[in-house]
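Chemist: Structure below; questions to follow.
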């Protein structure tokens with residue numbers, strides 16, 4: 001594990017994990033308004049405009065939470081830490097702009113639209129499966145020790 005460069009500057013030798021983010025990554029705002037939405041809300045509190053895509057300036061993952069925060073500049077050029085659940089990856093764009101209006105992007109840089117799949121026949125087993133959530137049955141996950149499975153339930 002590499003030494004953390006920030007700890008080294010402060011005169012402390014500390015191990016940390018560093019994650020590189022592509023400097024061309026732009027994200028779009030897609031607020032998560034489900035149960036227990038993370039704060040800050042990018043539109044209501046951060047004054048981000050969903051008509052723009054935003055360059056990822058950095059990332060922060062505090063140890064006390066499983067939430068990951070992306071560093072973005074809003075149209076007023078204020079720096080905000082926005083939770084990843086409010087963001088969708090947009091595209092890798094060659095630009096130094098902090099934000100770009102979606103309608104100003106060249107057509108060649110607009111994301112491709114994924115065609116929707118045809119729903120399975122209504123009588124099939126696949127059609128009866130719940131969509132987008134885990135059912136009430138426990139889910140078994142095996143970690144590094146195959147003799148000690150961890151059990152998770154819906155809503156973890």
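The values are calculated or read from the model by the stated rules, or taken from the named source; none is laboratory data. This structure is a prediction, so every number in the text was calculated from the model and none was measured. A quick note on method: Cβ atoms are made from the backbone with ideal geometry, for glycine too, and the neighbour counts reach across all protein chains shown.
Chemist: Have a look at 120, 146 and point out the one that is modelled with pLDDT under 55 and more than 21 Å from residue 29 (Cα to Cα).
Modeler: The unique qualifying residue is 146.
Chemist: With the requirement that a residue be exposed (fewer than 15 other Cβ atoms within 10 Å of the Cβ) and closer than 25 Å to residue 96 by Cβ, what does segment 60-83 give you?
Modeler: Of everything in segment 60-83, those that are exposed (fewer than 15 other Cβ atoms within 10 Å of the Cβ) and closer than 25 Å to residue 96 by Cβ turn out to be 60, 75, 76, 77, 78, 79.
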